[in-house]
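Please read the structure below before turning to the comments.
Where a number appears in this text, it was derived from the coordinates with a stated rule and is not lab data. Owing to the predicted nature of the structure, the values given are computational and were not obtained by experimental measurement. Quick reminder, even Gly has a Cβ in these numbers, built from the backbone with ideal geometry, and neighbours come from all protein chains shown.
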Amino acid sequence: MDKTANLEAIVAAHSGREGPLLPILNDIQGAFGCVDEDAKRYLAGALNLSRAEVHGVVSFYHDYKSKPAKLPVLKLCRAEACQARGCDALAADIAAAAKGKCEIETVYCLGLCSVGPNAMIEQTVHARLDGPTLTKLIEAL
């Protein structure tokens, strides 16, 4: 299936839904690894929005990327609860292990504050992390 057909299918899956922009953007990001200019242009036309309106939403949310990531993405929680549980030391421990294996992004809350520090790798959240455990997860990528 070509890209336009995929975009049509994603938009069609949300037809009749009130306020479909974010769910559609989530599906586009999931399908292509990014929301590029072609997708923004197509989506603007399909939803009768300006390209600027679509771009405004895409650029507001940090999860939407304009280009797909070259490596898997590890999202490390650096919110206060995870800081209190040692995420700063964890970030230092994993920097070397991540080189060439994954990209590290900082996020502020994955919603598991009571079982931090946390990280998300490829849409899977891992809790109660320490350096050796997270290093093993990175090496398994």
Of Ile121, Leu21, Ala44, farthest towards positive along the dipole that unit charges on Lys, Arg, Asp, Glu beta carbons give the chain: Ile121
Charge dipole magnitude, Cβ of K and R +1, D and E -1 - the chain, Cα centre, debye nearest 20: 180 debye
Partnerless cysteines, meaning none of the other Cys C-beta atoms lie under 4.7 Å away, in the chain: Cys34, Cys102, Cys109, Cys113
Point-to-point label distance, Cys34-Leu22, nm (Cα→Cβ direction, 7 Å offset): 2.5 nm
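Would you work out the charge dipole size for the range 49-110 about its Cα centre, treating the Cβ of every Lys and Arg as +1 and the Cβ of every Asp and Glu as -1, and quote it to the nearest 20 debye?
Working: 9 positive and 7 negative charges, 58 e Å.
My answer is approximately 280 debye.
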Label-point gap, in nm, between Thr124 and Phe60 - each point 7 angstrom along Cα→Cβ: 3.3 nm
Lys67, Lys101, Lys3, Lys40 arranged by Cβ crowding within 10 Å, fewest neighbours leading: Lys67, Lys3, Lys101, Lys40
Degrees between helix 87-98 axis and first principal axis of the chain (Cα, 0 to 90, nearest 10): 80 degrees
Kirkwood hydrodynamic radius of the range 47-110, Cα pairs, Å: 13.9 Å
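Sequence gap at least 6, Cα distance under 8 Å: using those rules, report the relative contact order of the range 1-105 to the nearest whole percent. Display every interim value, and only then the final one.
On the way: 78 pairs, mean separation 23.5, N = 105.
Relative contact order of the range 1-105: 22 percent.
Evaluate the Kirkwood expression for the hydrodynamic radius of the range 73-139, namely the inverse of the mean inverse distance over all pairs of different C-alpha atoms, and round to one decimal in Å. Don't skip to the end; give the middle numbers.
On the way: mean 1/r = 0.0881 Å⁻¹.
Roughly 11.3 Å, rounded to one decimal.
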Angle in degrees between helix 37-47 and the longest Cα principal axis of the chain, rounded to the nearest 10: 50 degrees
Sequence-separation-based contact order of the range 3-60, relative, with Cα cut under 8 Å and 6+ spacing, percent: 27 percent
Exposed chymotrypsin sites (Phe, Trp or Tyr not before Pro) absent - longest run of the chain, DSSP non-H/G/I/E/B, at most 14 other C-beta within 10 Å: 1-60
Under 25 Å from the Cα of Lys65 - lysines, other chains or at least 8 residues apart: Lys3, Lys40, Lys75, Lys99, Lys101
Size of electric dipole in the range 3-60: Cβ of Lys, Arg +1 and of Asp, Glu -1, about Cα centre, debye, nearest 20: 40 debye
Calculated on alpha-carbon atoms, Rg and Dmax of the chain in Å: 17.6, 50
Degrees between helix 51-60 axis and first principal axis of the chain (Cα, 0 to 90, nearest 10): 10 degrees
Residue-span extension gain [Glu103 to Lys67] - 0.36 nm each, minus C-alpha spacing: 11.6 nm
The chain, helix-only ellipticity at 222 nm - DSSP H runs n ≥ 4, -39,500 (n - 2.57), divided by all residues, nearest 500: -14500 deg cm²/dmol
